[in-house]
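Read the structure below first, then the notes.
The values are calculated or read from the model by the stated rules, or taken from the named source; none is laboratory data. These numbers come from a predicted model, not from an experiment. When we count neighbours, we look across all protein chains shown, and the Cβ atoms used for this are built from the backbone with ideal geometry, even at glycine. Heavy atoms of the whole protein, side chains included, go into the accessibility calculation; ligands, DNA and RNA do not. Shrake-Rupley method; radii C 1.70, N 1.55, O 1.52, S 1.80 Å.
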Amino acid sequence: MTFELDQVGVRRGDAVLLDEVAATIVAGRCTAIVGPSGAGKSTLLRLLNRLIEPTSGQVRYEGVPLPELDVLALRRRVGLVGQRPTLITDTVLAELRVGRPDLAEAEARDLLSEAGLSPVFIRRRTAELSGGEAQRVCLARALALRPEALLLDEPTSALDRAGAAEVERAVSGLRSEGRTVVLVSHDAAQARRIADDVLVLGAGRVVEQGSPDRVWYLSA
């Protein structure tokens with residue numbers, strides 16, 4: 001198994017974001033986290049590479065409590081692509097080299113292709129990118145580190161149908177390589193297409209979990 005959440009809670013003041021969440025996310029599979037807005041999906045995702053900390057319970061990765069792992073090393077092993085793309089350099093090539101200064105141009109082009117962008121984007125300035133293009137550059141930047149697990153927060157929300165299909169293809173490729181993908185999605189059809197397992201949240205609690213064909217939320 002990859003991640004275990006043991007009675008995990010997250011509170012912010014009087015607000016309960018997650019409440020006694022118990023779940024296992026299995027290695028080498030795609031797990032979709034779904035549920036209504038405000039259910040705690042993004043909060044759960046951010047717990048998995050310590051962008052936030054639980055206020056109760058424990059999160060383990062490969063059996064080790066997350067606080068026992070070096071946080072920077074963990075984030076190289078467990079990459080995250082947020083819903084809003086954040087680019088920090090002037091060019092696409094420099095962006096892909098943020099975590100890999102020695103990244104060769106040929107590999108950078110391959111990473112762009114893997115994320116659904118033409119290799120010619122390697123010379124583009126980041127300020128010229130559309131929101132959907134920036135999102136896929138963020139995906140390629142995360143893939144450059146070759147993480148064991150990849151966390152994706154609504155990765156196709158800013159993309160058209162063709163762009164979304166390219167990201168889904170990339171997810172399928174990661175699964176075929178034996179890597180773990182955890183995907184937050186509001187798109188039930190997308191979860192049915194690409195997920196092996198589904199975790200349904202409601203008001204900060206797990207209300208359903210199982211395979212896409214057995215989860216009522218995806219068929220409602």
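Worth a mention:
- Of the residues Val198, Val92, Thr24, the one whose Cα sits farthest toward the positive end of the charge dipole of the chain, with +1 on the Cβ of Lys and Arg and -1 on the Cβ of Asp and Glu, is Val92.
- Student exercise, the chain dipole from Lys, Arg, Asp, Glu Cβ charges, in Debye to nearest 20: 280
- Percentage of interatomic Cα-Cα distances in segment 173-220 larger than 17 Å: 33
- Protein accessible area in the chain, 1.4 Å probe - carbon and sulfur %: 49
- Taking the average, over residues, of other Cβ atoms within 10 Å as the packing measure, peptides 194-205, 47-58 rank 194-205, 47-58 from highest down.
- Solvent exposure of the chain amounts to 46 Å² per residue of accessible area, where only protein heavy atoms count and the probe is 1.4 Å.
- Order of exposure, largest accessible area first, which applies to Asp6, Asp102, Asp14, Asp110 with probe 1.4 Å: Asp14, Asp102, Asp110, Asp6
- Cβ-Cβ distance of Arg146 and Gln58, R₀ of 30 Å, FRET efficiency by 1/(1 + (r/R0)^6): the value works out to about 0.65.
- Convex hull volume of the C-alpha atoms in segment 77-202, normalised per residue: 103 Å³.
- Cα→Cβ-extended label distance, 7 Å offset, between Ala189 and Arg125, nm: 3.8
- Three-way shape label, segment 1-104, alpha-carbon gyration tensor, a/c 1.5: prolate
- Note on Ala15 and Ser176: the extension gain reaches 54.0 nm, defined as 0.36 nm multiplied by sequence separation minus the Cα-Cα distance.
- At R0 = 30 Å, FRET efficiency that the Cβ-Cβ distance of Ser37 and Ser118 yields, to 0.05: 0.35
- Taking max minus min of the alpha-carbon positions on each principal axis, segment 79-126 gives extents of 27, 22, 22 Å, largest first.
- Selected from Val207, Val181, Leu66, residue furthest toward positive end of dipole (the chain; charges at beta carbon): Val181
- Residues of segment 118-147 with an amide N closer than 13 Å to a point placed 7 Å from the Cα of Glu107 along the Cα-to-Cβ direction: 141-147.
- Within the chain, all pairs of alpha-carbon atoms sorted by distance into 10 Å bins from zero give the percentages 8, 34, 35, 18, 4, 0.
- Residue-span extension gain [Thr86 to Val71] - 0.36 nm each, minus C-alpha spacing: 3.4 nm
- Counting every C-alpha pair in segment 1-46, the share spaced more than 11 angstrom apart comes to 72%.
- Axis of helix 131-143 versus longest Cα principal axis of the chain: the two differ by about 80°, to the nearest ten degrees.
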